[in-house]
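The values are calculated or read from the model by the stated rules, or taken from the named source; none is laboratory data. Bear in mind that the values here come from a model prediction, so they are computed numbers and not experimental data. Every residue, glycine as well, gets a Cβ built from its backbone with ideal geometry; the counts of neighbours run over all protein chains shown.
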Amino acid sequence: MSLIKRNPSKEVDLWNREFPVPRAIDRLQREMNRAFDDFFRGDLFDTNSFLAHSWSPAIDVSETKDAYVIQAELPGVKKEEVKITLHDNLVTIRGEKKSETEKKGENIHRVERSFGVFERTFSLPGTVHGESVDAKYDNGVLTITLPKTEEAKERIVDVKVK
């Protein structure tokens with residue numbers, strides 16, 4: 001006796017050949033798959049809806065010994081279109097990625113790039129020197145360095161046991 005690994009997809013193929021599934025059901029399955037793919041990509045919404053014009057950039061927040069660092073991927077966004085605010089340990093990054101206008105004589109077959117206004121706000125676990133905040137924008141990546149105050153920096157205290 002030998003063991004054979006079960007392959008459910010092969011069973012479905014065999015079942016389809018022996019007992020043909022009506023084409024309408026197969027077509028329905030393909031359309032449902034396409035609808036879910038379009039939904040999660042954002043294609044389902046027409047171009048005039050709010051959701052079609054919103055996007056959210058990918059952001060990393062990290063901490064070093066002396067500062068908090070925020071990196072945001074902003075491809076296609078001009079640095080003049082980005083505004084950074086700091087208020088009560090809340091950092092807000094807002095901006096706009098503008099859509100490109102259609103060119104005459106060009107037929108658009110598919111548009112997957114997102115555009116629109118974005119806003120992301122992050123709460124910092126400690127206080128920062130607001131006047132020493134540094135922001136750099138290079139190759140579509142915004143890096144914000146927020147230096148910690150002395151109170152926010154980690155301190156090591158030797159405790160003498162009596």
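Figures for the structure shown
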quantity: Which numbered condition residue 79 fails, given (1) more than 18 Å from the chain's Cα centre (by Cα); (2) within 28 Å of residue 150 (Cβ to Cβ); (3) surrounded by 13 or more Cβ atoms within 10 Å (Cβ to Cβ); calculated: (2)
quantity: Tabulated pairs, the stretch 76-91, first farther than 17 Å from residue 123 by Cα, second among the acidic types (Asp, Glu), C-beta under 8 angstrom, 6+ apart or interchain; calculated: 77/96; 81/96
quantity: Pairs with Cβ under 7 Å, 6+ apart, first in the stretch 107-132 and over 25 Å from residue 75 (Cβ atoms), second exposed (fewer than 12 other Cβ atoms within 10 Å of the Cβ) and at pLDDT 85 or above; calculated: 123/90
